[in-house]
Every structure is written in C-alpha cells, then in structure tokens.
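Peer 1: Handing you a structure now.
The values are calculated or read from the model by the stated rules, or taken from the named source; none is laboratory data. Just so we're clear, the structure is a prediction, and the values are computed from it rather than from any experiment. Glycine gets a Cβ as well: all are built from the backbone with ideal geometry, and neighbour counts include every protein chain shown. All accessible areas refer to the heavy atoms of the entire protein, side chains included, with ligands and DNA or RNA removed. Shrake-Rupley method; radii C 1.70, N 1.55, O 1.52, S 1.80 Å.
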Amino acid sequence: MYSFSGSGDSSSSGRNLLCINKMRLLSFAYIVVLILTIFTQQTSSLSSLSSSSRQLQDVDGITACKGCTGTNLKCVGRTIVDTNCNACATGQTFWPCNLKKECWCWDTTGPRDAGDEGGETACNGCGRDSTTETCVGNQNSLTPVSDEDCKNCMNGQSYWPCSDQDLCWCWDTTKPKKPPAPISGYPVNNNVDPCALFTRGMFDVFAPNSTFPYTYDGLCEAITDYNKDHTEKVFKMGTEDMIRMEIAAFLGNTAHESDDFEAGREYLACGDRKIVDDKVYCKPCTNDLYDWANNKCSVSMVDQNAPYNSYCQPGFEPPEGCICDIITQVEETGPLAGYVEASKVFYGRGAIQLSWNYNYIRASFALTGEADTFCNDPEQVVLNPMYAWGT
C-alpha cells in the first residue's frame, strides 16, 4: 500500500505520481506475463497429453489420426482392417473415420497398443510390461481357437477372435498353461480361507463313510492348487456368506454324484473291476444285469467281443476332446474275459463323476495346463485325491 501527502511542491508531487504509475504498469505487465506463462505451460501440457494419449479418448478417427502421416506413423483399426482406416490420416471424414474409438494412430516403432486399458478385446495390454506373456487360444472355450489365431491380439487386432475375450487369453509362459475360469464379477476375498470355513471336523460329520480318493487333505490341496494359477478363485469370491453358500452347493452336488463320497468310479462302468499287475480292468454292465449289493456284473457289455464306445465322441481331437475309439474285451477267455482297460474309457470318475472324452480334456487343461494328463490316463482322476476333487 502507498500513502500520499498533500504537502510539498507540485513538481515533487508529479514525480511521485509518475513513479507510482510506472510501478503500476510494471506490476500489471508482470501479472500479464505470469498469466500468459501459466496458460502457455498448461496448453503445452494438455497438448502433450492429448498427443500421447489421444488414442485413449473417446474420439473418432478424424481426430485420432489427424496428422498421422509421419514415417513411423500409421492410422489403423481396432475392429476393422487397417486399410479402411489409412485414409483418415489424410482428411477422410466418412466411414470409418467418423466412428468413435475405431481408427487410431499407431507409432510403428513401438508395440501396437491402442492403450485401451480395460477394453473389450482379448489380451488387451498383454506383454506390455512383461516379456514372458503371450496371447494364446482358450482351450476350454466353447469355440476353441489356435494360438496362431490369437497371437495378433496383443498387437492391436480387435476383430475375431480378439473381439471375444472367451476365445483368447494372456498366458505367462513361466506358469502352467491353465486357461482362465469364467468371470463371476465378484472381488477376491483374501480374508477367507475355504478350509477354515469347512473344517476337517465338519467333513468327518458330513461324509463319515468317505473312501479314497475323497480325503479332506485332497480337497484342500485341490482348492490351493487351483487358486494359485487362476485370478478367478474357487471358494474365495465375494462375501463370506456367499462363499459359505458356494461350498455348501458344491458339497451337496458332489455328495449326490459320488454316492456320498463312496464311489470313486461309476458303478455300472467299473463297479465290477480287477487289478492285474497294478493295472485296472473294468467289466461294463447294464443296469438289469448288475448286482448292486455286491457290485458284480453277470454278463459284460463286451461279452463275445461286442464293441464298446460309451463316453467316447469319435472323431474328436485335441483341443475338442481326447482321442478315443471303439474297444472290446481284453481277452476272449481267461480271467480278463469280459473286461476292458480302465484307462481307455472316459466313464464317470471323481467327485462330480467326470465323464466323456470332451469333458476330460477340458478338466485336464484347467487343472494341469496340458491335454495329455487325463487324455493319456483318465484313471488319474480317481488315483489322485487332488484331481478327484478338482475335476
């Protein structure tokens, strides 16, 4: 603040007024310069942000590809082929350039990543921060696709199969190749231990007559093994009450399927069985010829070399299904007459009584990351408690 006195001569007063005016002008000029500087910096920052992330914004190809004509720049498409978007860089304003979030400017010196984090295409961001990630086909999707079909999803392709997140997924090659589980939409509850909710004491009461492979340790091992390789966890999604209900539903279903955890193998297919040289042989039977009290079959379904192809969808090959074929009895006479090799039949096994060659391969992928585990030896489902529960 300045204070002025009315005393003194006029020349002195004039000089003071002139000095004050100059100071006011300098102050005003300083403020103007400061405002312009701040505005320029903000504009520059916004311009830089717009330039570096214009592909992130919900804009059309006219805006996204404006000026995209440098040596290493190329206007490309998300869900349509690149050639349709090329002209957006030179001023085309009609389709597809007028579509929002379709055409975008790609700097070809870097990865083809449109930056749409959380977008609807498969493998979005895959390999962005890791050299061990690659986009592969989901072996367990309803429409299996090859790894070759999916590899371009991580380079920005967004038409089929990349347009369907169920078909392709991002695999970290340092881990088993286990495809992702369907998404529940609920968050992971890290405060819940499923085996603390369903204790050994509860299991003993719930399944007092359980037989191998239905062990409590096997159940907990199956849960832990599955959850370590899947982002969608089993018995760990949502609230504690939701998890309790899920465990209860699972136990009710599996108890029904496994005859209260007493049947590791399906009765009619392999209730009557023999073990020779550590190898299991089954005597497949029809209901009317099966002695349920003693688990014995009076006349085998493969008697007199009759063909047997139950639970086999012929013509399937991985990844659609395990390879299987028509079989018959091991020998016409002798102790194994009427019996077939258990490892060649995809009959019901385990807690859910997994059956059919196309289901065995999916369970094998989900639990082991490979088709061969159960396709080559389906008996693993009943010989290993972790698999008996896991399937």
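Peer 1: Tell me, yes or no, whether region 293-315 has at least one residue that is part of a loop (DSSP other than H, G, I, E, B) and under 25 Å from the mean Cα position of the chain (by Cα).
Peer 2: No, there is no match, as no residue in region 293-315 is part of a loop (DSSP other than H, G, I, E, B) and under 25 Å from the mean Cα position of the chain (by Cα).
Peer 1: Might you check whether a residue that is open to solvent by 60 Å² or more (accessible area, probe 1.4 Å), closer than 23 Å to ASP82 by Cα and under 14 Å from the mean Cα position of the chain (by Cα) occurs anywhere in region 165-179?
Peer 2: Within region 165-179, one or more residues are open to solvent by 60 Å² or more (accessible area, probe 1.4 Å), closer than 23 Å to ASP82 by Cα and under 14 Å from the mean Cα position of the chain (by Cα).
Peer 1: How many of the residues making up region 188-204 are open to solvent by less than 90 Å² (accessible area, probe 1.4 Å) and under 12 Å from ILE243 (Cβ atoms)?
Peer 2: Total satisfying the criteria: 9.
Peer 1: Out of curiosity, is GLU262 open to solvent by 60 Å² or more (accessible area, probe 1.4 Å), in contact with a Phe, Trp or Tyr (Cβ under 7 Å, 6 or more places away or on another chain) and not in a strand (DSSP E or B)?
Peer 2: So GLU262 fails the test.
Peer 1: Which residues, taken from region 327-350, are over 13 Å from GLN380 (Cα atoms), in a loop (DSSP other than H, G, I, E, B) and either open to solvent by less than 10 Å² (accessible area, probe 1.4 Å) or in contact with a Phe, Trp or Tyr (Cβ under 7 Å, 6 or more places away or on another chain) (or both)? Full working, then the answer.
Peer 2: Kept after step one, since they are over 13 Å from GLN380 (Cα atoms), are these residues of region 327-350: 327-341.
Subset that is in a loop (DSSP other than H, G, I, E, B): 328-330, 332-336, 338-339.
Across region 327-350, the qualifying residues are THR328, GLN329, VAL330, LEU336, GLY338, TYR339.
Peer 1: Looking only at region 265-303, which residues are small (Gly, Ala, Ser), open to solvent by 60 Å² or more (accessible area, probe 1.4 Å) and closer than 23 Å to TYR214 by Cα?
Peer 2: Within region 265-303, ALA293 is the sole residue that qualifies.
Peer 1: Open to solvent by less than 50 Å² (accessible area, probe 1.4 Å), under 30 Å from GLY334 (Cα atoms) and at pLDDT 95 or above: does that describe GLY252?
Peer 2: Numbers: open to solvent by less than 50 Å² (accessible area, probe 1.4 Å): yes; under 30 Å from GLY334 (Cα atoms): no; at pLDDT 95 or above: yes.
Considered against the rule, which asks whether it is open to solvent by less than 50 Å² (accessible area, probe 1.4 Å), under 30 Å from GLY334 (Cα atoms) and at pLDDT 95 or above, GLY252 comes out as no.
Peer 1: Restricting to region 75-100, count the residues that are open to solvent by 70 Å² or more (accessible area, probe 1.4 Å) and in contact with a helix residue (DSSP H, G or I) (Cβ under 7 Å, 6 or more places away or on another chain).
Peer 2: Number of matching residues: 2.
Peer 1: Just the residues that are open to solvent by 60 Å² or more (accessible area, probe 1.4 Å) and either free of Cβ contacts under 8 Å to residues at least 40 places away in the same chain or closer than 19 Å to TYR387 by Cα (or both), please, taken from region 205-247.
Peer 2: VAL205, PRO208, PHE212, ASP217, GLU221, THR224, LYS228, ASP241, MET245, GLU246 - these are the residues of region 205-247 that are open to solvent by 60 Å² or more (accessible area, probe 1.4 Å) and either free of Cβ contacts under 8 Å to residues at least 40 places away in the same chain or closer than 19 Å to TYR387 by Cα (or both).
Peer 1: Checking ASN295 against (1) closer than 30 Å to ALA249 by Cα; (2) at pLDDT below 95: exactly one of these is not met. Which one?
Peer 2: It is condition (2) that ASN295 fails.
Peer 1: Given the structure, is SER158 open to solvent by less than 40 Å² (accessible area, probe 1.4 Å), touching a residue at least 12 places away in the same chain (Cβ under 8 Å) and in contact with a strand residue (DSSP E or B) (Cβ under 9 Å, 6 or more places away or on another chain)?
Peer 2: Details: open to solvent by less than 40 Å² (accessible area, probe 1.4 Å): yes; touching a residue at least 12 places away in the same chain (Cβ under 8 Å): yes; in contact with a strand residue (DSSP E or B) (Cβ under 9 Å, 6 or more places away or on another chain): yes.
When the stated conditions are applied, SER158 passes them.
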